[in-house]
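These notes concern the structure reproduced below.
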Amino acid sequence: MQPLEQQSAEDFRDTPHGRQLLGGFRGLLFAPDLEREFRRYLGRQARFAQVLGACLLLIVVAGYHSVEWQLYAESDPRWLRELTLLRLVEMAPGVAILIMSVFHRRVRLVANRLFPLLLVLVGIVAARIDIHYEVSQTELAFRYGAGLLIVCSFFFLGITFWRALISAASIILIDILMAALILSSSEMQVHWISVSYYVLLLTIGAISRYIHEYSQREQFLVRQLLGWVAQHDSLTGLANRRSFDAALRQTLLQARRDGQPLALLLLDLDDFKAYNDCLGHPAGDALIRDFGELLSRFSRRPMDLAARVGGEEFALLLLNCDANSAQAIAAQLLSEFTERAIPHPASAQCGCATTSIGIAMWQSGQTAEQLYQAADAALYQAKRAGKNRYVVR
C-alpha cells in the first residue's frame with residue numbers, strides 16, 4: 001500500500017494545479033484558466049501593497065509639490081501651473097480607481113488590468129517633469145520620478161512579472177523618445193546617464209520580482225494542493241465525507257430554490273470485510289480505487305458529486321435527476337461493476353465483487369440529514385434483500 005502523501009500527490013497530479021506544479025513554470029505563466037485564477041489570487045494578496053503604494057504616492061507627490069510651490073510661485077508661475085496639472089494627473093486616476101475598487105466589485109475585478117496602463121500614463125508625466133528639470137538645471141529639482149515608478153511597478157501594484165516588466169520598459173522607452181524630442185544633442189548625451197539609472201533599476205526590480213513571483217506561484221499551487229487534499233479522498237480521488245456533507249446541504253438548498261428533483265445514491269461494496277480477509281488490504285484498496293474510478297464516470301455534470309463517505313461506502317449526489325433516471329443510473333452501475341468480473345472468493349452472489357445501492361429522492365421539507373438517513377435505510381434494505389441490487393425509498 002502506498003503512503004498517504006504519495007497517493008495524494010498522484011491524485012493531485014491529474015488536476016491542472018498538480019500538472020503545473022510538477023511541470024514547472026520558469027516562464028512565470030500558467031495555462032490560461034489557471035493563470036486567470038492565479039491573477040485573482042495575486043490581486044487579493046496585493047490589496048494591502050496597493051493601498052500602501054497609493055498612500056506613499058500621495059505623500060511623496062504632495063511633499064514634492066509643497067516644496068515646488070515655494071520654489072516656483074514667484075520665479076516661474078507658468079511652470080507651476082503646468083506642474084500642478086501634471087501632479088494631479090499623476091495622482092488622481094490611480095487613487096480614484098483604488099478607492100472605487102474598495103467599494104465596487106466590478107471595478108476591483110478590472111483594477112489589476114488598469115494599473116499597468118495607469119503606470120505608463122504616470123510614467124509619461126514623470127518623464128516630462130524630469131526632463132524639464134534637466135533643461136532648467138534648477139538648484140532643487142525633483143528628478144528621477146520615472147525611476148521611482150519603475151520601482152513601484154515591481155513592488156507595489158500587485159501585477160504579474162511580465163506586466164510589470166512591460167510597464168517599466170515602456171516608461172524608459174517613452175522617456176527616451178520624449179527626451180529626444182525636447183533635448184538638444186548635448187543635453188541628450190547627459191540624459192543617457194538618467195536612462196542608465198532607469199535600466200539599472202529595471203534590472204534590479206525585474207530580478208527581485210521574478211524571484212518573488214516564482215515563490216508566489218509555487219505557494220499558490222501548494223495552497224491549492226492542500227485544499228484539494230482536504231476535500232478529497234486520498235485513495236480514490238473522489239470527494240471525502242467532509243466535502244460531501246457540505247455539498248449535500250448546498251445542493252439541497254439549490255434544489256429547493258429551483259424546484260428541481262434531487263437524488264442521493266448510497267453504495268456499499270458487498271462482503272468487503274471478507275474480501276479483505278481473503279486477499280489482503282492491498283487488494284481491498286485496489287478494489288476501492290477501481291470502484292471509485294467507475295463511480296466518477298457517473299458524475300460528469302457540474303452539480304453531480306461522487307464521494308467516498310466511509311471505508312467501503314460511497315455516495316452519488318445527482319441534482320435535477322428524477323426517480324426513473326436515478327434507477328437507470330443505479331442499474332447501469334450494477335451492470336458495469338458486475339461486468340468487470342473482479343474475483344471475490346467469499347462472495348455469495350456470483351463469485352465476483354458486487355455492490356448494493358440505496359436511492360432516496362428528496363422530498364419537500366426534508367433536511368439533508370433526513371435525506372441521507374432515507375438513502376441509508378434503502379441501502380440497508382438492499383443488503384437484507386440479497387445484495388447486488390438497488391432499492392428506492
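Just a few scattered comments:
- Restricting the range 159-184 to residues that are among the hydroxyl-bearing types (Ser, Thr, Tyr) and outside any loop (DSSP other than H, G, I, E, B), the residue that is most open to solvent (accessible area, probe 1.4 Å): SER170
- Candidates ILE207, ILE159, ILE171, filtered to the one that is out of contact with any helix residue (DSSP H, G or I) (no Cβ under 7 Å at 6 or more places or on another chain) and either modelled with pLDDT of 85 or more or closer than 21 Å to VAL60 by Cβ (or both): ILE207
- Residue selected from the range 185-209 under the condition closer than 18 Å to GLY145 by Cβ and polar (S, T, N, Q), by the criterion surrounded by the fewest Cβ atoms within 10 Å (Cβ to Cβ): SER196
- Exactly one residue among LEU83, LEU52, LEU56, LEU29 is modelled with pLDDT of 80 or more and over 18 Å from VAL222 (Cα atoms), and that residue is LEU83.
- Cβ-Cβ under 7 Å pairs, at least 6 apart or on other chains, the range 240-260 side closer than 16 Å to GLY310 by Cβ, far side crowded, with 16+ Cβ neighbours inside 10 Å and among the β-branched types (Val, Ile, Thr): ARG241/VAL309; PHE244/VAL309
- The set of residues in the range 223-236 being in contact (Cβ under 8 Å) with a residue 24 or more places away in the chain and either open to solvent by 60 Å² or more (accessible area, probe 1.4 Å) or of a type outside the set (A, V, I, L, M) (or both) consists of GLN224, TRP228, HIS232, ASP233, SER234, THR236.
- Test: residue in the range 61-68 that is hydrophobic (A, V, I, L, M, F, W, C) and loosely packed, with under 14 Cβ neighbours inside 10 Å: yes
- Some residue of the range 321-341 being within 24 Å of ARG241 (Cβ to Cβ), open to solvent by 70 Å² or more (accessible area, probe 1.4 Å) and of a type in the set (Asp, Glu): no
- Any hit, the range 75-97, residues being open to solvent by 70 Å² or more (accessible area, probe 1.4 Å) and farther than 25 Å from ALA179 by Cα: no
- When the test is whether a residue is in contact (Cβ under 8 Å) with a residue 40 or more places away in the chain, within 17 Å of GLN254 (Cα to Cα), under 40 Å from the mean Cα position of the chain (by Cα) and open to solvent by less than 40 Å² (accessible area, probe 1.4 Å), LEU379 does not pass it.
- Only one entry of ALA315, ALA263, ALA239, ALA247 meets the criterion of being of a type outside the set (Val, Ile, Thr), touching a Phe, Trp or Tyr at 6+ places or on another chain (Cβ under 7 Å) and surrounded by 15 or more Cβ atoms within 10 Å (Cβ to Cβ), and that entry is ALA315.
- Of everything in the range 1-26 that is open to solvent by 100 Å² or more (accessible area, probe 1.4 Å) and part of a helix (DSSP H, G or I), the residue that is modelled with the lowest pLDDT is GLU5.
- Per-region count, the range 284-304, residues surrounded by fewer than 14 Cβ atoms within 10 Å (Cβ to Cβ), at pLDDT 90 or above and either among the small types (Gly, Ala, Ser) or in a loop (DSSP other than H, G, I, E, B) (or both): 1
- Within the range 30-57, the set of residues being of a type outside the set (Gly, Ala, Ser), under 27 Å from ARG87 (Cα atoms) and surrounded by 14 or more Cβ atoms within 10 Å (Cβ to Cβ) comprises ARG47, GLN50, VAL51, LEU57.
- Residues of the range 308-366 classified as within 16 Å of ARG289 (Cα to Cα) and in contact with a Cys (Cβ under 8 Å, 6 or more places away or on another chain), total: 6
The values are calculated or read from the model by the stated rules, or taken from the named source; none is laboratory data. Computed from a predicted structure; not experimentally measured. Neighbour counts are summed over all protein chains in view; Cβ atoms, including those assigned to glycine, are modelled from backbone coordinates with ideal geometry. Keep in mind that these areas ignore ligands, DNA and RNA; they rest on the heavy atoms of the full protein, side chains included. Shrake-Rupley method; radii C 1.70, N 1.55, O 1.52, S 1.80 Å.
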